[in-house]
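First up is the structure itself, then whatever we jot down about it.
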Protein chains: 2
Amino acid sequence: MSTKKTNSARRSENEGGAATGSGGGVSRRRLIGGAGAAGAAGLVLGAAGGAGGYAATRDDAPTALTTLGSAEEMFHGKHQAGITSPLQARGHLIAFDLAPGAGRKEAAALMRRWSAVAERLMAGRPSGDGAGHDTGVALDAGPSSLTVTFGFGRTFFDRTDLVARRPAGLDPLPAFSSDRLDAKRSNGDLWVQIGSDDALVAFHALRAVQKEAGAAARVRWQMNGFNRTPGATARPMTARNLMGQVDGTGNPKPEDSDFEQRIFVQAGGPEEHAWLQGGSYAVVRRIRMLLDDWEKLTVERQEHVIGRRKADGAPLSGGTETTKMDLDKAGPDGKLLIPDNAHARISTPEKNGGAAMLRRPFSYHDGIADDGTPDAGLLFICWQADPFRGFVPVQRKLDRGDALSPFVRHEASGLFAVPGGMAPGEYVGQRLLES
Amino acid sequence: MSTKKTNSARRSENEGGAATGSGGGVSRRRLIGGAGAAGAAGLVLGAAGGAGGYAATRDDAPTALTTLGSAEEMFHGKHQAGITSPLQARGHLIAFDLAPGAGRKEAAALMRRWSAVAERLMAGRPSGDGAGHDTGVALDAGPSSLTVTFGFGRTFFDRTDLVARRPAGLDPLPAFSSDRLDAKRSNGDLWVQIGSDDALVAFHALRAVQKEAGAAARVRWQMNGFNRTPGATARPMTARNLMGQVDGTGNPKPEDSDFEQRIFVQAGGPEEHAWLQGGSYAVVRRIRMLLDDWEKLTVERQEHVIGRRKADGAPLSGGTETTKMDLDKAGPDGKLLIPDNAHARISTPEKNGGAAMLRRPFSYHDGIADDGTPDAGLLFICWQADPFRGFVPVQRKLDRGDALSPFVRHEASGLFAVPGGMAPGEYVGQRLLES
């Protein structure tokens, strides 16, 4: 009944900040239209009237407007959604600790509930009867590219008596000299990343995930973020962060020959870690931007800190945003055009043994902090097959000599192993929890 | 040079939660397209390359995507923008107090600076050189329906020695028994409401407004909010709040014969208040929703609290969302279908001497409060020609017997006189400050 088609237009044309296809080369998106969507939207709460909006109005609704709401990310696939999915306008990060007394059995039941609700919500359906009725907050809207992504923290393996199957990739991150980490907002047994192009759809999913946690897990921390709204720019643009910098230019791309092996855990590792094949590691850092200080710099000074032009992200060595940096090029005065301590120079894979990670962040802004400065910055999230060959070496170098350091402060940190995608009928982490 | 056209399609078709036209019947929106827009976008920071995206790509960009970013609200007009403008996806509220020692002269200079920057930003131009360079955060995007709206609180008139010209509409709101107001997040000398369909454009405007305050005013409080993203629903829908309720059904509409006189201050008042003609009063309430409690109710119980169906907002007396409530209709058991204490019954203009206000809220969600409950709810903003004939009588009645009361908590409150729109060359409040 459902009319499904591949959404090759809106999402891929509209977002430049993250990769737009799954590494497996299969599009995992579809658009809902026609009767199938009416069924999905109208099903909620058994409404007879206003909720069945899609079918009643699909002919007179502006096509592209329908597109934003009806764009759907696939729950099933080789990898979990929310890793190579285009950046969404709104995001929630939430970490849980298993409740006292909860162990592997309760964790497995929780992952089964969470998987079921994520699958339903990502398809634009109500959250179901698992732990009560749907809150109705997402009524009228389509899934709006909702993704719900699940990960396990280091402590999860202690709590579930699965230490023998904990991969070395979950070893604690080293301390960095510029860290000012708040332990209460760091790590956690379980991590959920929610993203959607509609803020109410994202909030709806957040509440559903919290509710399904039931007595099995307690919220440890929760953060909100955002990105540009699809359509705010007239053509695909790499994202900007709250410093005004183009951010994400050097990201690995799905069409790179080594994309899959850099970002996702490959087959062939030790048997006890086979459960993570097709998965990835997320490093999450709440990076406060000291905007009052940053904004005092001239644009020229800011560009020297970054090593790229503010207006278009082009390297100071010339060209356009996508031109390769010429790290040796000097100006008429003999000085390097991209300074020695420029952020872009220090973090480039070229200078880090090819260390690559897929950055897929949200900006955050939680109003004004107690000291009167903006509580704003980046919910930095990077994805890699091995955090000790992705995030860690780059951050070590940045920690030693990045010109950007005086303007940022790492306030929280998390490291999570994110299982691969699920086959129909499978729940997230089943291969770990039922083996 | 600039190709301007009336945007009668996207905005009015897409939003139902607030009125979509100015009361004066003149559309105050336009779409940027072609060379004029390229000038606006490309001007920023004098960028030669990537910033001039509109002109370079207008032929290959998807039309509707361009529309969201390029939709522009007019700074000049009969009324300030942001009152009858369609709800935007992202909003910031910020209140300032004049700095110690600052008086009428400093206030006038500040309003002149703020007006200039608001006009530039609403047209998609950089913030200018008033107090430093543009932060660049809005680069690449169009104005995305940005509005910046300014108001004066009661204390402003003391600080500027203008008490004789303070209207009675700024008398303190009465205390309500359900108030749990935080004085530090209430009121203020000056209030600015920022809205945009793009979160980075809104943040950019917020920082520009803060920067232009300079030494003249200090931030008193600041709050962030959101609404549905345009296109998340397939047809015009009244907004939903975080309780999942359709919210805004009974709003006055610009086509109502008495819309102008209910919402905007009319000519013919005392001469000393003539400066407010064409203006309005904003009542701002931060209304926390006790969602953990609310979500425990069955949908049926929630509907009895509200008096309307959750799925589509139709009154429990029958019909569709826009059907008039039948307040006397009883069910087979003889009980009123819309209970005596139902929120919709108590707040209906019919039961409040026709008291009407234009509700134009943002939802808010600031993560999890110290007590573990969601710090979420409604940044309720209502507009009326006289708050003591709009908000106050309705809130008094709600305060006495609203079934919704146990599920909400008013945590902050503000009342602001919002001057009318500006003629070109005029700044906001000039008629007050230079008389």
*Quick check: anything in region A:402-422 surrounded by fewer than 17 Cβ atoms within 10 Å (Cβ to Cβ), over 18 Å from the mean Cα position of the chain (by Cα) and modelled with pLDDT under 95?*
no
*What pairs can you find where one residue is in region A:363-392 and within 11 Å of chain B (Cβ to nearest Cβ), the other is part of a strand (DSSP E or B) and hydroxyl-bearing (Ser, Thr, Tyr), and their Cβ atoms are less than 7 Å apart, with a gap of 6+ or different chains?*
A:Ala376/A:Tyr364
*Scan region B:292-310 residue by residue and report those that are within 25 Å of the chain's Cα centre (by Cα) and either at the interface with chain A (Cβ under 7 Å from one of its Cβ atoms) or among the charged types (D, E, K, R) (or both).*
B:Arg308, B:Lys310
*Run A:Trp114 past the list (1) away from chain B (no Cβ under 12 Å); (2) closer than 20 Å to A:Phe391 by Cα and report the number of the one that doesn't hold.*
(2)
*Filter region B:348-375 down to residues that are surrounded by 22 or more Cβ atoms within 10 Å (Cβ to Cβ) and either in contact with a His (Cβ under 8 Å, 6 or more places away or on another chain) or assigned to a helix (DSSP H, G or I) (or both), then give me how many there are.*
1
*Every residue from region A:225-242 that is buried (at least 24 other Cβ atoms within 10 Å of the Cβ), among the polar types (S, T, N, Q) and more than 7 Å from chain B (Cβ to nearest Cβ)*: A:Asn227
*Do you know which residues across region A:307-343 are in contact (Cβ under 8 Å) with a residue 60 or more places away in the chain and touching a strand residue (DSSP E or B) at 6+ places or on another chain (Cβ under 9 Å)?*
A:Arg308, A:Lys310, A:Asp312, A:Gly313, A:Glu321, A:Ala342, A:His343
_Selected residue (criterion: nearest to the other protein chains (Cβ to nearest Cβ)) from residues of region B:243-275 that are under 27 Å from B:Met289 (Cβ atoms) and buried (at least 24 other Cβ atoms within 10 Å of the Cβ)_ = B:Gly244
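Within region B:382-399, is there a residue that is under 30 Å from A:Phe226 (Cα atoms) and either touching a Leu at 6+ places or on another chain (Cβ under 7 Å) or surrounded by 21 or more Cβ atoms within 10 Å (Cβ to Cβ) (or both)?
Applying the first criterion (under 30 Å from A:Phe226 (Cα atoms)) to region B:382-399 yields B:382-383.
Keeping just the survivors that are either touching a Leu at 6+ places or on another chain (Cβ under 7 Å) or surrounded by 21 or more Cβ atoms within 10 Å (Cβ to Cβ) (or both) gives B:382-383.
Yes: one or more hits.
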_Exclusive hit being closer than 30 Å to A:Ala109 by Cα and either touching a Cys at 6+ places or on another chain (Cβ under 7 Å) or among the small types (Gly, Ala, Ser) (or both), set A:Gly429, A:Gly390_ = A:Gly429
*asked:* Here's a check for you: in region A:205-224, which residue that is in contact with a Phe, Trp or Tyr (Cβ under 9 Å, 6 or more places away or on another chain) and not hydrophobic (A, V, I, L, M, F, W, C) is nearest to the other protein chains (Cβ to nearest Cβ)?
replied: A:Asn224
*Within the set of pairs 6+ apart or on separate chains, which have a first residue in region B:54-82 that is within 10 Å of chain A (Cβ to nearest Cβ), a second that is in a helix (DSSP H, G or I) and modelled with pLDDT of 50 or more, and C-beta atoms under 8 Å apart?*
B:Tyr54/B:Thr66; B:Tyr54/B:Ser70; B:Arg58/B:Thr66; B:Ala64/A:Thr67
*Go through the residues of region B:313-322 one by one and say whether even a single one is more than 10 Å from every other protein chain (Cβ to nearest Cβ), among the hydroxyl-bearing types (Ser, Thr, Tyr) and more than 25 Å from B:Thr84 (Cα to Cα).*
yes
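Taking the condition at pLDDT below 95, of a type outside the set (A, V, I, L, M) and surrounded by fewer than 22 Cβ atoms within 10 Å (Cβ to Cβ), does A:Asp293 pass?
Values: at pLDDT below 95: no; of a type outside the set (A, V, I, L, M): yes; surrounded by fewer than 22 Cβ atoms within 10 Å (Cβ to Cβ): yes.
Answer is no for this residue.
Output yes when any residue across region B:307-330 is touching a His at 6+ places or on another chain (Cβ under 7 Å) and closer than 19 Å to B:Phe391 by Cα, and no when none is.
Our first condition is that a residue be touching a His at 6+ places or on another chain (Cβ under 7 Å); within region B:307-330, this holds for B:307.
Now narrow it down to the ones that are closer than 19 Å to B:Phe391 by Cα: none.
Within region B:307-330 (the criterion being touching a His at 6+ places or on another chain (Cβ under 7 Å) and closer than 19 Å to B:Phe391 by Cα), the answer is no, since none of the residues qualifies.
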*Spot the failing condition for B:Ala183; the list is (1) surrounded by fewer than 24 Cβ atoms within 10 Å (Cβ to Cβ); (2) within 30 Å of B:Pro315 (Cβ to Cβ); (3) of a type outside the set (Ser, Thr, Tyr), and only one is missed.*
(2)
*Name the residues in region A:68-122 that are modelled with pLDDT under 95 and in contact with a Phe, Trp or Tyr (Cβ under 8 Å, 6 or more places away or on another chain), would you?*
A:Ser70
*Scan (1) more than 14 Å from chain B (Cβ to nearest Cβ); (2) more than 24 Å from A:Pro419 (Cα to Cα); (3) not hydroxyl-bearing (Ser, Thr, Tyr) for the single condition A:Phe157 breaks and write down its number.*
(2)
*asked:* Could you go through region B:285-293 and let me know if any residue there is in a strand (DSSP E or B) and farther than 30 Å from A:Ala208 by Cα.
replied: no
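The values are calculated or read from the model by the stated rules, or taken from the named source; none is laboratory data. Just so we're clear, the structure is a prediction, and the values are computed from it rather than from any experiment. Neighbour counts run over all protein chains shown; Cβ positions are idealised from the backbone, glycine included.
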